[in-house]
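Peer 1: This structure is in structure tokens; I'll ask about it shortly.
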């Protein structure tokens, strides 16, 4: 009988203070059991194909291996604490920047396995979408406060509506065509209605709410970081000085939002513009590389 090796069987070092375990895919025969769930929203990581969670375990799948680390808080149980400790705002910005730069330098990836007609359509869409996003990013960077006024009044209502749809969807079973959780369905529908009503709220109210959320997020991350650093190096397996730096810069960001809110909002929107521009470059680069790959394949005898 063939031995079965699960991914979970190789994660012991995480319980001993190791920050991350990299497991080659050929080392496991049954990588993910039923306890793992696909995670849609994550801090971007270069080379990641998909992410999965199982309690405190967070796995990033790459082409050749599984990279698994332990989150301090399970996002399903403690979503706010997870954001403050495991996903600080500054870390999300920095890792998004690194991931987009890496994506811009990466080749066309799995697109080369498509049929020729699909490849042609794909590189054209990628190139056009990349150029469009690049131009939008440049405009946001050059007009940060005008962009803020256009994005924020849509961001919050649409976000509330989307959250309501997700919660309401959990209350019904499409396969059984039945209401399985009246409470979730009612809360979800209520949030959808609330989101629609909030389209009439003044821009100034949304900006104040945005500042409050960002300042609270940054202050909370600073507090969590300093608390873990104060308890010694064993509490920060990801790196003592890395976590200390996150705490210091999170505190500076939060203080800046409270002291000079307009300046910080402008800087954050400029950063957002840069990220949108880099996303456009990554898409356009992927499309161009796919086009060149197609040409090379055609020339191959």
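The values are calculated or read from the model by the stated rules, or taken from the named source; none is laboratory data. Note that this is a predicted model, so its numbers are computed, not measured. For neighbour counting, all protein chains shown are included, and Cβ atoms are generated from backbone atoms with ideal geometry for every residue, glycine included.
Peer 1: Give the residue, chosen from 133, 116, 127, that is surrounded by 14 or more Cβ atoms within 10 Å (Cβ to Cβ) and at pLDDT below 90.
Peer 2: After applying the criteria, what remains is 127.
Peer 1: Would you say residue 38 is at pLDDT 85 or above, outside the structural domain of residue 240 (by TED's automatic domain parsing), assigned to a strand (DSSP E or B) and exposed (fewer than 14 other Cβ atoms within 10 Å of the Cβ)?
Peer 2: Against the criterion (at pLDDT 85 or above, outside the structural domain of residue 240 (by TED's automatic domain parsing), assigned to a strand (DSSP E or B) and exposed (fewer than 14 other Cβ atoms within 10 Å of the Cβ)), residue 38 qualifies.
Peer 1: Another question, then. Please state which one of 255, 284 is surrounded by 15 or more Cβ atoms within 10 Å (Cβ to Cβ), at pLDDT below 90, in a helix (DSSP H, G or I) and touching a helix residue (DSSP H, G or I) at 6+ places or on another chain (Cβ under 9 Å).
Peer 2: 284
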